[in-house]
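First comes the structure, then the notes that go with it.
The values are calculated or read from the model by the stated rules, or taken from the named source; none is laboratory data. None of the values given here were measured: they were computed from a predicted structure. Note: ideal-geometry Cβ built from the backbone for every residue, glycine included; neighbour counts use all protein chains shown.
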Amino acid sequence: MNELVVKSLSASYGLAVAFTDVSITVAKGETVGLLGRNGAGKTTLLKAIIHDPELTLRGEISVNNVSLGKFPAYKVARHGVAWVPDNRRIFTALSVAENLDLARSKTAPKDQLDRVLTNIPLVEKLMKRRGYELSGGEQQAVTIARALMSAPDYLLLDEPTEGLAPLIVEQLQAAIGALPAQFDVGILITEQNFSFVTGLADRVHILETGQMVWAGPPDELVSKPQLIDRHLSVGEK
Ligand code: ATP
C-alpha cells in the first residue's frame with residue numbers, strides 16, 4: 001500500500017514532551033490537513049516524520065511499507081519524503097535555477113525540472129532571480145518547486161501561508177491543490193489558516209497540546225462551529 005503511516009508516535013525535545021500517541025496516514029495522491037493552535041505540536045510532527053535529530057521519538061513511521069526505523073533525515077528523504085519548512089530556507093545568494101539544481105536527486109526522472117516548471121509556471125519566470133530578490137509568495141513557490149525536484153511520494157508542508165497576502169494565499173491554494181494529480185504526491189499540510197486547509201484537504205486532523213483530538217472530513221468540521229470553538233479558536237471566550 002502506498003502510504004505514509006505514523007503509528008502511536010510520541011516526540012520530545014529532551015525532557016519536554018511535544019506530542020504523544022499520534023497516528024496519521026497519508027496516501028499517495030491525497031491531501032491531509034493538520035490544524036491546531038500555536039504550540040499544539042504541528043511543526044514537531046513534521047519534524048518527527050523526517051527524523052529531526054533534535055527529537056527523541058517513540059512509535060512507528062513507515063513509507064510505502066518500509067519502516068523508517070532510526071534512519072537519519074537524509075535517508076528519510078531518499079525514501080520519498082520531502083519537507084517544506086515554514087521559514088522557507090532557500091539559498092538567498094543563489095539564483096532560483098541554482099536552488100532547484102541543488103535539490104535535484106539522482107533518482108528523479110530526467111525531465112523533473114520541466115515537469116516542475118510546467119506545473120508551477122510562476123517559478124519558470126523567476127529562474128534567473130536571486131533568492132533575496134523574491135517576495136514571500138515567490139519564495140514559497142520556489143520552496144515547493146525545490147521539494148518536488150526530488151520527485152517525492154510525500155510532501156510535508158509547514159504553514160505555507162504564513163506571512164502571505166490574501167491574494168497570494170489564494171494562488172498558492174490553487175497551486176497546491178493541483179499537485180496531487182500532477183505529481184501523484186501525498187500531502188500533509190499544517191496550518192493555522194482554517195479555510196486554506198479545509199478547502200484543500202481530503203481529511204483533517206486536529207492537534208491540541210500534543211494530543212490528536214479530532215479527525216474527519218473537512219465538511220464535517222466546517223459544519224460544527226462548536227468543534228472549531230473548542231479546539232481551534234483563539235482569544236477571549
Ligand atoms: P505553531 O503553529 O506556533 O508553529 P505548532 O503547533 O507547530 O505551533 P510546535 O512548534 O510543534 O507547535 O511546538 C510544540 C511544542 O514543542 C510547544 O510546546 C513548543 O514550545 C515546543 N517546542 C518547539 N520547538 C522546540 C524546541 N526546539 N525545543 C524545545 N521545545 C520546543
> Between a first residue in the range 42-54 that is over 23 Å from Asn193 (Cα atoms) and a second residue that is near the ligand (Cβ under 9 Å from one of its atoms), which pairs have beta carbons less than 8 Å apart while being 6 or more apart in sequence or on different chains?
Replying inline: Glu54/Tyr13; Glu54/Lys47
>> Cβ-Cβ under 6 Å, sequence separation 6+ or interchain: first residue in the range 1-29 and without any contact (Cβ under 8 Å) to a residue 40 or more places away in the chain, partner assigned to a strand (DSSP E or B). Which pairs?
In response: Thr25/Glu3; Thr25/Val5
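Results for (1) more than 30 Å from Glu124 (Cβ to Cβ); (2) at pLDDT 95 or above; (3) out of contact with any helix residue (DSSP H, G or I) (no Cβ under 7 Å at 6 or more places or on another chain); (4) away from the ligand (no atom under 16 Å from the Cβ), shown as yes or no for each residue.
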| residue | (1), (2), (3), (4) |
| --- | --- |
| Gly14 | yes, no, yes, no |
| Thr20 | yes, yes, yes, no |
| Ile24 | yes, yes, yes, no |
| Pro72 | yes, no, yes, yes |
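Does Pro53 satisfy being more than 20 Å from Pro160 (Cα to Cα) and within 16 Å of the ligand (Cβ to nearest atom)?
Here the answer is yes, as Pro53 does meet what is asked.
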> In the range 81-90, is there at least one residue being within 27 Å of Val142 (Cβ to Cβ), free of Cβ contacts under 8 Å to residues at least 24 places away in the same chain and within 11 Å of the ligand (Cβ to nearest atom)?
Replying inline: yes
>> of a type in the set (Phe, Trp, Tyr), in a helix (DSSP H, G or I) and either surrounded by 14 or more Cβ atoms within 10 Å (Cβ to Cβ) or touching a residue at least 12 places away in the same chain (Cβ under 8 Å) (or both): is that true of Tyr74 in this structure?
In response: no
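This table checks each residue for (1) within 20 Å of Met149 (Cβ to Cβ); (2) within 16 Å of the ligand (Cβ to nearest atom); (3) in a helix (DSSP H, G or I); (4) at pLDDT 90 or above.
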| residue | (1), (2), (3), (4) |
| --- | --- |
| Gly33 | no, yes, no, yes |
| Thr43 | no, yes, yes, yes |
| Val116 | yes, no, yes, yes |
| Lys125 | yes, no, yes, yes |
